[in-house]
1. Scan E98, E120 and give me the residue that is out of contact with any Lys or Arg (no Cβ under 9 Å at 6 or more places or on another chain) and within 23 Å of A66 (Cβ to Cβ).
2. Could you list all residues from the range 59-84 that are in a helix (DSSP H, G or I) and open to solvent by 70 Å² or more (accessible area, probe 1.4 Å)?
3. Applying the selection to the range 1-27, what residues are in a helix (DSSP H, G or I) and open to solvent by less than 40 Å² (accessible area, probe 1.4 Å)?
4. Could you tell me how many of the residues in the range 87-96 are open to solvent by 10 Å² or more (accessible area, probe 1.4 Å) and of a type in the set (A, V, I, L, M, F, W, C)?
5. When both residues are 6+ apart or on different chains and their Cβ atoms are under 7 Å apart, which pairs have a first residue that lies in the range 135-159 and is closer than 14 Å to F110 by Cβ and part of a helix (DSSP H, G or I), and a second that is among the basic types (K, R) and open to solvent by 20 Å² or more (accessible area, probe 1.4 Å)?
6. Could you look through the range 114-126, keep only residues that are more than 11 Å from the chain's Cα centre (by Cα) and in a helix (DSSP H, G or I), and pick out the one that is farthest from S83 (Cα to Cα)?
7. For T115, indicate whether it is modelled with pLDDT of 90 or more, within 22 Å of S77 (Cβ to Cβ) and in contact with a Ser or Thr (Cβ under 9 Å, 6 or more places away or on another chain).
8. Of the conditions (1) of a type in the set (D, E, K, R); (2) over 24 Å from I44 (Cβ atoms); (3) surrounded by fewer than 16 Cβ atoms within 10 Å (Cβ to Cβ), E141 satisfies every one except a single condition; which number is it?
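The values are calculated or read from the model by the stated rules, or taken from the named source; none is laboratory data. What you see is a predicted model; the values in this text were computed from it and never measured. Cβ placement follows ideal geometry from the backbone for every residue including glycine, while neighbour counts extend to all protein chains displayed. Keep in mind that these areas ignore ligands, DNA and RNA; they rest on the heavy atoms of the full protein, side chains included. Shrake-Rupley method; radii C 1.70, N 1.55, O 1.52, S 1.80 Å.
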Amino acid sequence: HLLNRLFDTDLDKAISKIESLEYKLPDPVLIVSKIFEKIEGANISQKSKLLNICNELKCGNKELQATFITKIQEYLSSTDIQSQQIGYDSLLSAKYLERQKIRQIVKTVFDWLKTLSINEKYQPWSIKAVFSHYALLNTEEKKEFLQFIFNELVYKGKNIEQIQLGFQLLSEIKHNPKYEDRVNNFEDIKMRRNEEDNAEIGRASCRERV
């Protein structure tokens, strides 16, 4: 099988060949299996393209879907930003996955985020991945994630980007939280703003509504 040999000899050519065929392949299961065999030795750009092929082929079968899910969880549970972004992009493109499987991914990633030290909490693509499927969280999980945004991103945020991401996510939540509903959270933010030595971070923290 020509493609199979290309994977062993020239990964970039194998990827280009599949793209030129517009993902119309006689044996998707064989190709996806080969991708998971080769992906760990691939560079970041190749990994992104390989996972895109997996998505185009809907991972071939249920068993390989499980491998794909494990891989996405692995990338989104990494402190490497490039790996996170690959995981995020691949998750958003995996529209064929069942609702419960996507929920499994975002719950696993959120559980990982909660284990990190305060200095490691800002993992932007992992946080965005959880937020992208916020609707799949149950009521208690939504409350917990909302508290994570308020507390870990805005109130304890270590840089402007972290604080701004927190406010961005709060503003995008349907029926976004109002001051009167979360007085303590907003008062914490006001206190942090007033006590902040870094003027730029102080300004980033000065929104009282979302």
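1. Details: E120 fails: within 23 Å of A66 (Cβ to Cβ).
Among E98, E120, only E98 is out of contact with any Lys or Arg (no Cβ under 9 Å at 6 or more places or on another chain) and within 23 Å of A66 (Cβ to Cβ).
2. We begin by selecting, within the range 59-84, every residue in a helix (DSSP H, G or I); these are 62-76, 81-84.
Within the range 59-84, K62, E63, T70, E74, I81, Q82 meet the criteria.
3. Of the range 1-27, the ones in a helix (DSSP H, G or I) are 2-9, 11-20.
Within the range 1-27, L3, L6, F7, L11, A14, I15, I18 meet the criteria.
4. Selection size over the range 87-96: 1.
5. Correct list of pairs: L136/R99; L136/R103.
6. Here is the first cut: in the range 114-126, the residues more than 11 Å from the chain's Cα centre (by Cα) are 114-122.
Still in the list and also in a helix (DSSP H, G or I): 114-115, 118-120.
Numbers: K114: 19, T115: 19, I118: 21, N119: 19, E120: 16 Å.
This residue is I118.
7. Judged against the criteria, T115 is not a match.
8. Answer for E141: the failing condition is (3).
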